[in-house]
Structures are given as C-alpha cells and as structure tokens.
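A short worksheet on the structure shown next.
Quick note: the coordinates plus some simple rules give every number you see, no bench work behind them. No experiment lies behind these values; they were computed from the predicted model shown. Neighbour counts are summed over all protein chains in view; Cβ atoms, including those assigned to glycine, are modelled from backbone coordinates with ideal geometry.
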Amino acid sequence: MKKILKDTCILAALMILSVFAVSVIWSGITEEIGLVLKLFLLAFILSVTNYFFDEYIYLSIVMSYIVKYLAITGIVMLFGFIAGWFYPSNFWMAFIYVGIVLVLAYSIDSFRVKKDIAYINNRIADRASKNEVTENQ
C-alpha cells in the first residue's frame, strides 16, 4: 500500500508538471500556474530548511519541533508577504497553515519511525537468537 501511495504521488506530480509545462509553453504563466510554481518553490525552501535542521541542529525532539515550527512559520510568512498571500492584517493565518501541515507531516513521520524501530528490534532479536543457537552448538 505504501508503494502504491508513493507511486501515486510521484505520478500526480509528474502529471501536474507536464500539464503546467505545456500550459506555460502554450499560454504563458497564468495566475494559477504562478501560484502552483510558488508553492513548489516554497516547498523546496521548506524541505531544505528541514534538512538543515535535521542534519546540523542538535536539540531535543520537543525543542526541535518548536524551533522548526517557528522557523518554518517565519519562512512561510516572509514568502507569503513577498508573494502577496499575506497582509499585515492576516499574517497570523500562517501559524494555522503551518501548524496543520506540520501536524500531518510529523504524524506520517512518526508512523515511519515506529516501523523503523520495529524493524530494527526484529533484526536485533533475530541476531540474538542466531547467536544463542551458535553458542549452544
């Protein structure tokens, strides 16, 4: 099921990019295409930021989530002001948008981490049982 979902997301992204490429060539960058391109750019910037935090910033898990939330919200607000998505009167909406996306992303990540932990524990148990068998022989 996981592979099907992953393949579906990849296929959907390729379809979207293909349709947008043809649309840009055919009619130029429309407002809708510009919005999607801005979202892709924002997603790339946020992914690089998240990678930076994961690789170079060493904090506790809770503190890491808090710092990432604040940093990513700041980036979304700045990008939103530049792109014209947010105005001084509604900038607080960035906190809500980022909060919703982060809760979903970290929920998915926690499921993956739990699976990884279970896999590692099974490997350790298998290795321990093999060592016991060889020691008993």
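Observations on the model:
- Inter-probe distance in nm under a simple model that places probes 7 Å from Cα toward Cβ, at Y106 and D54: 1.5
- Farthest towards the positive end of the charge dipole of the chain, among the residues W26, N122, I72, is the Cα of N122, using unit charges on the Cβ of Lys, Arg, Asp and Glu.
- Simple spin-label estimate for F44 and V113 in nanometres, 7 Å along Cα-Cβ: 2.9
- Debye intensity ratio I(q)/I(0), log10, the chain, q values 0.12 Å⁻¹ (C-alpha model): -0.71
- Here the gap between I61 and I33, fully extended at 0.36 nm per residue and compared with their Cα-Cα distance, gives a gain of 6.4 nm.
- Averaging 1/r over each pair of different alpha-carbon atoms in segment 57-136 and inverting the result gives 15.9 Å, the Kirkwood hydrodynamic radius.
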